[in-house]
Structure formats: C-alpha cells, structure tokens
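Comments concern the structure below.
Here, each number is a calculation from the coordinates, and none is a lab measurement. Bear in mind the structure is a predicted one, so any value in this text is a computation, not a measurement. No Cβ is skipped: glycine too gets one built from the backbone with ideal geometry, and neighbour counts run over all protein chains shown.
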Amino acid sequence: MLRLRSLGSGSSGNATLVEGRRGAEVRRLLIDCGFGIRQLQERLSAAGLALDQIDAIFITHEHSDHVGCARALALRQRIPVWMSRGTHAALDAPDFDGLLRLASDGAAIDLGSFEARPFTVPHDAREPLQLRCSDGTAHLGVLTDLGHATAHVLQQLAGCHALLLEANHDPQMLADSRYPAFLKRRVAGPQGHLANAAAADILRALRHPELRLVVAAHLSARNNHPDLVRPLLASALGWRPEDIGIADPLHGTGWLTIGPPA
C-alpha cells in the first residue's frame with residue numbers, strides 16, 4: 001500500500017510524506033523539508049509520526065522553502081539524504097557526515113516497500129529533480145516547481161494513479177500583484193512555476209481511467225486561490241471541482257491512499 005500526506009505546500013515551506021507498506025515493513029520518505037525542526041516536528045505529530053520515523057529524505061532542489069532543516073534533521077536522526085549533485089553543489093557542498101546519497105534522472109531509489117524514481121524538470125535551480133513513487137501496483141507522481149512540462153516530464157508520469165501537481169499562480173493575479181517586474185518574469189517564465197492553465201494542460205495529457213487522485217500544490221498565497229484552481233483542473237479531467245484536493249500551506253492534507261481501482 002502506498003499513501004501520501006502533504007505537511008504543507010507553498011512559498012513558506014514544502015514537505016511531503018510518502019509511506020509504503022509491504023507486509024510488516026513500513027518505510028517513509030520525506031520529500032523536501034522546507035521548515036524548521038520544531039515546526040516540522042509539530043506537523044509530523046499532527047500526522048501521527050515523530051522525527052525518528054522518517055527513513056529517508058529527498059530534496060528536489062536547493063531553494064530554501066524546500067531545503068529548510070534537511071541537514072540538521074539528517075544529522076540529528078542519522079537519516080540518509082538524497083539530492084542531485086547539482087543541488088548539493090548549489091548548497092555549497094555541505095558535509096552530511098556520510099549520509100549524502102546522490103540522485104540522478106532515471107536512477108531508482110530502493111526504499112524497501114516502494115521505490116522513488118527521480119526525473120529532471122525545467123526550473124531555475126542547479127539540477128532540480130521531481131519523483132515518481134511506486135510499490136509496483138500503485139503509482140504516485142510528485143510534480144512541483146517547474147516552469148513547463150517537457151515531453152520527458154510527461155513520459156515519467158504516464159499512468160500514475162495519483163498526482164501532487166503544482167498550480168502556482170493565476171496569470172492575471174500575478175500581473176496585477178505588487179511583485180517587482182523581474183520576479184513576475186521569473187515566476188511566469190519557462191524555468192519558473194506552473195500557471196493554473198499549464199497545470200490543467202498537464203492533466204489533460206496525463207488523463208487516463210485509473211487516475212483517481214489529484215492534489216494541487218504550491219499555490220501562491222498572493223497570486224492564486226483554490227476557487228480558481230479547482231474548477232480549472234477539474235474541467236481538464238471531467239471531474240467535479242470538489243474532487244480536486246488542495247495542499248494547504250499551513251495544514252497540508254490528510255493521509256491519502258493511492259492505488260488503482262479495485
């Protein structure tokens with residue numbers, strides 16, 4: 001069994017738990033760690049977990065809202081940390097005391113009860129990676145922090161039963177915002193973040209009968225709103241707006257089970 005829980009998603013911090021169960025074996029991967037230790041501990045507690053129940057950490061890229069306390073947590077709990085060579089270099093190559101594991105496009109990470117397969121994405125970072133997680137039956141795609149979907153991205157996520165998908169901004173809200181011009185260009189650019197319509201286009205490309213769960217993530221607090229996201233993404237799938245989940249920046253989501261139809 002594979003399940004997902006966002007611990008919070010937005011510019012203030014990002015962290016996602018993926019849990020795989022195979023018989024008595026339970027393994028948990030923390031994807032990104034964009035909070036302080038105390039705040040992360042509180043969010044894990046709300047999920048019924050403690051820091052010592054995380055088995056591995058995966059950092060998608062070097063931006064602070066994704067890295068957060070990753071090194072401090074890893075050293076404190078002796079947890080292996082996966083990231084790309086470029087991400088490690090962009091962080092000034094910190095010492096992880098033997099806990100660093102280098103990830104790369106297409107190289108599967110064996111977590112015992114499930115695997116995580118990284119893939120490259122276009123984003124304004126050194127060597128950003130996103131993930132497809134699978135226990136062999138259930139398939140989850142995690143796709144946040146990218147400016148546009150390449151053919152490679154779509155190929156890596158084909159056939160997923162669940163998607164945690166960035167829907168960062170509404171273009172008009174971004175244009176009308178108080179962001180400086182350079183930041184507006186960065187967010188809306190091909191190496192920036194996904195607009196709602198771009199996220200909807202990705203769903204149209206990935207739509208298939210066994211896609212059963214979509215959670216919109218990394219919504220901009222200033223330049224987006226769930227009431228704009230839900231109908232647009234739902235329309236792309238022929239779903240009801242209430243069928244689209246939202247990863248809240250403060251509360252994330254509850255536990256969500258992933259799998260094909262029975």
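Other residues whose C-beta falls under 11 angstrom from the C-beta of VAL142 contribute a net charge of -1, scoring Lys and Arg +1 and Asp and Glu -1. For LEU250, LEU2, the sequence from fewest to most other C-beta atoms within 10 Å is LEU250, LEU2. Considering only ALA116, ALA103, ALA90, the Gaussian network model of the chain with Cα springs below 10 Å gives its largest mean-square fluctuation to ALA90. Globularity index of the stretch 82-235 is 1.10 (Cα radius of gyration / 2.2 N^0.38 Å, N = number of residues).
Counting only whole DSSP H helices of the chain, there are none at least 27 Å long by C-alpha along their axis and with mean Kyte-Doolittle hydropathy no lower than 0.0. Panel order for THR120, THR144, THR137, by other beta carbons found within 10 Å of each beta carbon, from fewest to most: THR137, THR120, THR144. Charge tally around GLY34: other residues with Cβ under 12 Å, Lys/Arg +1 each, Asp/Glu -1 each, net -3.
Diffusion of the chain by Stokes-Einstein, at 10 °C in a medium of 1.306 mPa s and with Rh set to the Kirkwood radius over alpha-carbon pairs, works out to 87 µm²/s.
Fewest neighbouring Cβ atoms within 10 Å first, the residues HIS66, HIS251 line up as HIS251, HIS66.
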